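These notes are about the structure you will find just below.
The values are calculated or read from the model by the stated rules, or taken from the named source; none is laboratory data. Owing to the predicted nature of the structure, the values given are computational and were not obtained by experimental measurement. Please note: Cβ atoms are built from the backbone with ideal geometry, for glycine as well, and neighbour counts cover all protein chains shown. Protein only, heavy atoms only, side chains kept; ligands, DNA and RNA dropped before computing areas. Shrake-Rupley method; radii C 1.70, N 1.55, O 1.52, S 1.80 Å.
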Amino acid sequence: MTRMSSGPRTWLTSLALLAGVMAGPAHAVAQDKVVKIDGSSTVYPITEAVAEEFQSESKGSIKVTVGISGTGGGFKKFCRGELDISNASRPIKKEEIEECAKNGIEYIELPIAFDALTVVINKQNTWAANMTVAELKKLWEPEAQGKITKWNQINPAWPDAKIDLFGAGTDSGTFEYFTEAVVGKAKSSRGDYTASEDDNTLVKGVEGSRNALGYFGMAYYLTHKDKLAAVSVAWDKNKATKDPVAPNAENVINGSYAPLSRPLFIYVNKKSLETRPEVKQFAKFYLDNIKSLVEEVNYVPLPDEAYTAVRARFEKQQTGSVFGGEGAIGVKIEDILKRETK
Amino acid sequence: MHDLDRIIRRGRRNDRLFNVLGATLAVVCLTVLGVLVAQLLIAGIPRIDWQFLTSFPSRKAARAGALSAWVGSLLVMLITASTAIPLGIAAGIYLEEYARKNWFTNLIEINIANLAGVPSIIYGLMALGLLVYQFRLGQSILTAGLTLGFLILPVVIVATRESLRAIPQYMREAAYALGATRLQVVRHHLLPYSAGGIATGVIIAMSRAIGETAPLVTIGALTYIAFLPPAPFSPLPAGPDGASPGMYGPFAWIMSPFTVLPIQMFAWVSRPSSPGNDFAPNAAAAGVILIVFTLGLNAAAIFVRQRVRRRVKW
């Protein structure tokens, strides 16, 4: 008898407890000021630096979280309305634009810095200091797999020695970008090379073999300059010059280091910006402090006039993407600015 | 006679050989483990200080710390332990002591055994679909704790059943003969006798859970997070009018975003380091904290086992 009466009561108590647990926090979270950011791991160090400075400035009254789901993963969440800001190492794609439109998500596209890829070789490599995009394509396209294995197969003047290849892991934005810029189709690459998401592994690999060639972000190359040599890249479609161009900040800004430099973006959710003052405050702080922080984390800042234009675009809350779903490879910063002012 | 001698001698020789082989392999295994741990300790211990334990992540390696990571790990494990352990033990007891043996319990049994071998990323995908999107629990400590709970549930169930099976049948029969009900048999006899074995299984499971990264990344654990989950009954942030809006509920922290030690460690290992801004010692230090957590759990298990062993005699 006692058991029968205690049963339902225990159930009711635990249900009430459960309801309390569910309802309580939802209420609390709504009151919390959290700016949610996710996306590209390439952009992550920049946003992390801004978030760190912002939080110390605002003395922790506004919270910022940053994840690294990748540019694609970030846009997926962004277009579902789960994020305030999406970090992106490429412009938003057509499918993503459509997905955002379907869910009524409007956004402001803000270029924040340059990223450049660097093709690196061993310090003792005396022959491949200059390469053309065509030569890189011959080496990296899927058809090269198992066939192009020696340096003299790319250029007869080069040694009859086996090439050790190192490159980005297939989930990274770097991989997507390099394949699109060099091979002509994103994610289209030979597979018989040492792939790693960890740039350290790539540096060590190229450092350890005289016949090695690899590629990764220029930020990483600049901090490991003493260990590796960089390849100057010539591109027959380059509007600035047909000569080999060295990977450095100047050449990235003046647009001549094509096609291996690209702009990086943040996409700000317009509704978050309008309805939540903390998001606006953070985005403003981002643009005000971006230049010095970009340099500190070893990326290439945009020219000053570009930042002025970007800030104007933010103030106007101009939505949409200037790329219309296309890529940004080989596009000069001046061109992006022109498109922005029209 | 001569033949018998030879057979015995050969038997002894093989015995000695196997002994040497076994000892060598054990030494090799322990050496590898020892070298790895020693390397981690050498790289990590100099980095561990008050600053490291009480600071948030930073772009400057010397200023960065593991506060949000170790608190996150601890809280996620708390949720995991408080869901998976009672559920697992209860399920184990039911299957072993109460359930009738038929095709249905057989099916459950096979499934539990198989679940113990499912890769952890699968649990992450399941949790993303079910907990994050279906139940709208968000990318929270609760979701993470439950995900790891699912992950270790089969291990806890299997360990519980094995420990119960190890109790001699006559213990149950003796208790029933004295008129004990099933619940009394479980509570007064079976649970105390099997506590040592269950504790060991639970700890192995928890040690596995604490090192998991993949399922947590899948459900959306963060990388940069510079605040702690709200403590129970701490004041809410003041509104725009400056009025005090009250305080957090006792369980508000379970809905908070989070990161955990293995993720923080990975972020530090994989990010570019430059001379004077080297993140490798940070990663090693986070590894040391993780090892300390795991050893702490193991110590707790050994303590429980020893205490129980002293009490139980049959």
*Output the number of the condition that A:Asp199 fails; it satisfies all remaining conditions of (1) closer than 25 Å to A:Asp335 by Cα; (2) without any contact (Cβ under 8 Å) to a residue 40 or more places away in the chain; (3) crowded, with 23+ Cβ neighbours inside 10 Å.*
(1)
*asked:* Give all pairs with beta carbons closer than 6 Å in which a residue from the range B:88-99 that is within 8 Å of B:Ile157 (Cα to Cα) meets a residue that is surrounded by 15 or more Cβ atoms within 10 Å (Cβ to Cβ); count only pairs at least 6 apart in sequence or on separate chains.
replied: B:Gly88/B:Leu153; B:Gly88/B:Val156; B:Gly88/B:Ile157; B:Ile89/B:Thr160; B:Ala91/B:Ile157; B:Gly92/B:Ile157; B:Gly92/B:Thr160; B:Gly92/B:Arg161
*Working carefully through the options B:Ala285, B:Ala231, B:Ala238, find the one that is assigned to a helix (DSSP H, G or I) and either under 24 Å from A:Val64 (Cβ atoms) or at pLDDT 85 or above (or both).*
B:Ala285
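Might you check whether a residue that is among the aromatic types (Phe, Trp, Tyr), part of a helix (DSSP H, G or I), within 23 Å of A:Ile97 (Cβ to Cβ) and in contact with a strand residue (DSSP E or B) (Cβ under 7 Å, 6 or more places away or on another chain) occurs anywhere in the range A:276-285?
no
Listed here are the residues, each with its yes/no results for (1) part of a helix (DSSP H, G or I); (2) open to solvent by 40 Å² or more (accessible area, probe 1.4 Å); (3) under 28 Å from B:Ala116 (Cα atoms).
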{"site": "B:Leu4", "(1), (2), (3)": "yes, yes, no"}
{"site": "B:Arg10", "(1), (2), (3)": "yes, yes, no"}
{"site": "B:Leu25", "(1), (2), (3)": "yes, yes, yes"}
{"site": "B:Pro46", "(1), (2), (3)": "yes, yes, no"}
{"site": "B:Arg63", "(1), (2), (3)": "no, yes, no"}
{"site": "B:Val76", "(1), (2), (3)": "yes, no, yes"}
{"site": "B:Ala81", "(1), (2), (3)": "yes, no, yes"}
{"site": "B:Ala84", "(1), (2), (3)": "yes, no, yes"}
*Can you tell which of A:Ile97, A:Ile92 is within 22 Å of A:Gly324 (Cα to Cα), assigned to a helix (DSSP H, G or I), among the β-branched types (Val, Ile, Thr) and out of contact with any Lys or Arg (no Cβ under 7 Å at 6 or more places or on another chain)?*
A:Ile97
*Selection count, the range A:277-294, where residues are in contact (Cβ under 8 Å) with a residue 24 or more places away in the chain and open to solvent by 70 Å² or more (accessible area, probe 1.4 Å)*: 2
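Any chance the range A:251-258 includes a residue that's part of a helix (DSSP H, G or I) and within 14 Å of chain B (Cβ to nearest Cβ)? Even if it seems obvious, please write down each step before you answer.
Going residue by residue through the range A:251-258, those that are part of a helix (DSSP H, G or I) are A:251-253.
Remaining after also requiring within 14 Å of chain B (Cβ to nearest Cβ): none.
Scanning the range A:251-258 turns up no residue that is part of a helix (DSSP H, G or I) and within 14 Å of chain B (Cβ to nearest Cβ).
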*Taking into account only those residues within the range B:155-178 that are without any contact (Cβ under 8 Å) to a residue 60 or more places away in the chain and part of a loop (DSSP other than H, G, I, E, B), which is least open to solvent (accessible area, probe 1.4 Å)?*
B:Ile167
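Can you pull out the residues in the range A:48-76 that are at the interface with another protein chain (Cβ under 8 Å from one of its Cβ atoms) and part of a helix (DSSP H, G or I)? Spell out the reasoning first.
Quick first cut of the range A:48-76, residues at the interface with another protein chain (Cβ under 8 Å from one of its Cβ atoms) only: A:48-49, A:51-52, A:55, A:60-61, A:63-69.
Hits for the range A:48-76 are A:Glu48, A:Ala49, A:Ala51, A:Glu52, A:Gln55.
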*Which of the residues spanning the range A:82-98 are under 23 Å from A:Phe285 (Cβ atoms) and of a type outside the set (A, V, I, L, M)?*
A:Glu82, A:Asp84, A:Ser86, A:Asn87, A:Ser89
*In the range A:187-244, which residues are within 23 Å of A:Lys123 (Cβ to Cβ), acidic (Asp, Glu) and within 10 Å of another protein chain (Cβ to nearest Cβ)?*
A:Asp198, A:Asp199, A:Asp226
*Looking only at the range B:183-213, which residues are part of a helix (DSSP H, G or I), open to solvent by less than 40 Å² (accessible area, probe 1.4 Å) and of a type outside the set (Val, Ile, Thr)?*
B:Leu190, B:Pro192, B:Ser194, B:Ala195, B:Gly196, B:Gly197, B:Ala199, B:Gly201, B:Ala205, B:Met206, B:Ser207, B:Ala209
*Run A:Asn248 past the list (1) surrounded by fewer than 20 Cβ atoms within 10 Å (Cβ to Cβ); (2) farther than 26 Å from A:Ser61 by Cβ; (3) assigned by TED's automatic domain parsing to the domain that holds A:Glu334 and report the number of the one that doesn't hold.*
(3)
